[in-house]
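Novice: First the structure, then my questions, so here it is.
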Amino acid sequence: MQTLFIILILFLISIFSVLLYFKTKKSRVDSLNSGECPTCKETKKTFFDKNTNTTFTQEVITSRVLKNHGCSGVIEVEYSCKNCGLKEVHSINSSSNCGI
């Protein structure tokens, strides 16, 4: 009986840890897409020039497409932070980019 109880607890811990991993990965991608670095918490900077009435923005996160696997595939994007040097590669679903 104790063995079944321990196996059940270990199974539940493993399920919750996998769900927590996917949740933190999605939150990191969301923060990178919004322009905030998840490690140093730096956001984009905006400057306003009063002489020309122009607003300038300096992005902290840059992204570039590494691989695009077509209409039904995924897009692999590399995000890099200019402030702390963070580089991460994430896969993004590209089902909405199909123009057929």
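The values are calculated or read from the model by the stated rules, or taken from the named source; none is laboratory data. Predicted model only: the values in this text are computed from it and were never measured. Cβ sites come from the backbone with ideal geometry, for glycine too, and all protein chains shown count toward neighbours. Accessible surface areas use protein heavy atoms only, side chains included; no ligands, DNA or RNA. Shrake-Rupley method; radii C 1.70, N 1.55, O 1.52, S 1.80 Å.
Novice: Report yes if some residue within the range 22-37 is touching a strand residue (DSSP E or B) at 6+ places or on another chain (Cβ under 6 Å) and not aliphatic (A, V, I, L, M); otherwise report no.
Specialist: So far as the range 22-37 goes, yes, one or more of its residues are touching a strand residue (DSSP E or B) at 6+ places or on another chain (Cβ under 6 Å) and not aliphatic (A, V, I, L, M).
Novice: Which condition from (1) surrounded by 10 or more Cβ atoms within 10 Å (Cβ to Cβ); (2) touching a strand residue (DSSP E or B) at 6+ places or on another chain (Cβ under 7 Å) is the one that Cys71 breaks?
Specialist: Status for Cys71: all satisfied but (2).
Novice: Across the range 60-81, which residue is farthest from Thr24 (Cα to Cα) among those that are modelled with pLDDT of 90 or more and charged (D, E, K, R)?
Specialist: Looking at the filtered set, the residue picked out is Arg64.
Novice: Does Ser17 count as open to solvent by less than 80 Å² (accessible area, probe 1.4 Å) and either within 30 Å of Glu88 (Cα to Cα) or at pLDDT 90 or above (or both)?
Specialist: Here the answer is yes, as Ser17 does meet what is asked.
Novice: (1) in contact with a strand residue (DSSP E or B) (Cβ under 8 Å, 6 or more places away or on another chain); (2) farther than 16 Å from Ser94 by Cα; (3) loosely packed, with under 10 Cβ neighbours inside 10 Å; (4) of a type in the set (D, E, K, R): which one isn't true of Arg64, the others all being true?
Specialist: (2)
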